[in-house]
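Heads up: the structure comes next, in structure tokens.
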Amino acid sequence: MNPPERYGFEESAPDASMRGAPPRSPPPEPQPLEGVEASQWANISVLTVQEPKSYRQAKVSPQWSDWKKAMDEELKSLKENDVWDVIPKPAGRKIVASRWVYKAKGNAQGEIE
């Protein structure tokens, strides 16, 4: 069944293309990744690490030792670069909360770093 003509479709067209619309060009051919030959396509892997949404999830994940190591390195970097000062909480003020964000990073070979 074809849509009514009032919707701008040609009832006689088998593909119900829009009246007056320019014809669509075919989709572009897939382009290979820069530096990857066609014979290597089958060897490209996808990162399959479950990224935790919270510290609690990270702590019970199989990759906890890796997440902990990354967190320790980040804290060490923040301390070395002296990015904050610890001060007493001012009376009547709210504290801006923070949280860890966990993202798996991959290298050019698709391996987790």
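Read-outs throughout are calculated quantities, based only on the coordinates presented, and are distinct from any laboratory measurement. Given the structure is predicted, the values throughout are model-derived calculations rather than measurements. Cβ: placed from backbone, ideal geometry, glycine included. Neighbour counts: every protein chain shown.
Taking Lys and Arg as +1 and Asp and Glu as -1, the other residues whose beta-carbon sits under 15 Å from that of Q57 total +4.
Residues whose amide H falls under 5 Å from that of G106, counting only those 5 or more places apart or on a different chain, are E113, with hydrogens built in the peptide plane. The HN-Hα couplings worked out from phi for region 51-61 by the Karplus form 6.51 cos²θ - 1.76 cosθ + 1.60 (θ = phi - 60°) are 7, x, 9, 8, 4, 4, 5, 4, 5, 9, 7 Hz, whole numbers, x standing for Gly and Pro.
Step through the table entries K79/K105; K53/K76; K69/K94, compare each Cα-Cα distance with 27 Å, and write down the pairs that go over it. Provide the component values of the computation, followed by the final result.
Numbers: K79/K105 23 Å; K53/K76 22 Å; K69/K94 31 Å.
Where the Cα-Cα span goes over 27 Å, the pairs concerned are K69/K94.
Look at D82, D72 and count the other Cβ atoms within 10 Å of each Cβ; fewest to most, that gives D82, D72.
The slack in the chain from I112 to E51, taken as 0.36 nm per residue of separation less the alpha-carbon distance, amounts to 20.8 nm. The charge dipole of region 47-113, taken about the Cα centre with unit charges on the Cβ atoms of Lys, Arg (+1) and Asp, Glu (-1), comes to about 540 debye, rounded to the nearest 20. Working from label points 7 Å from Cα in the Cα-to-Cβ sense, the S61 to L78 distance is 1.8 nm. Rounded to the nearest 0.05, what FRET efficiency do K105 and S25 have when you use their Cβ-Cβ distance and R0 = 30 Å? It comes to 0.25. For region 69-83, backbone phi angles converted through the Karplus equation (6.51, -1.76, 1.60; θ = phi - 60°) give residue-by-residue couplings of 4, 5, 5, 4, 5, 5, 4, 4, 4, 4, 5, 4, 8, 6, 8 Hz, Gly and Pro being listed as x.
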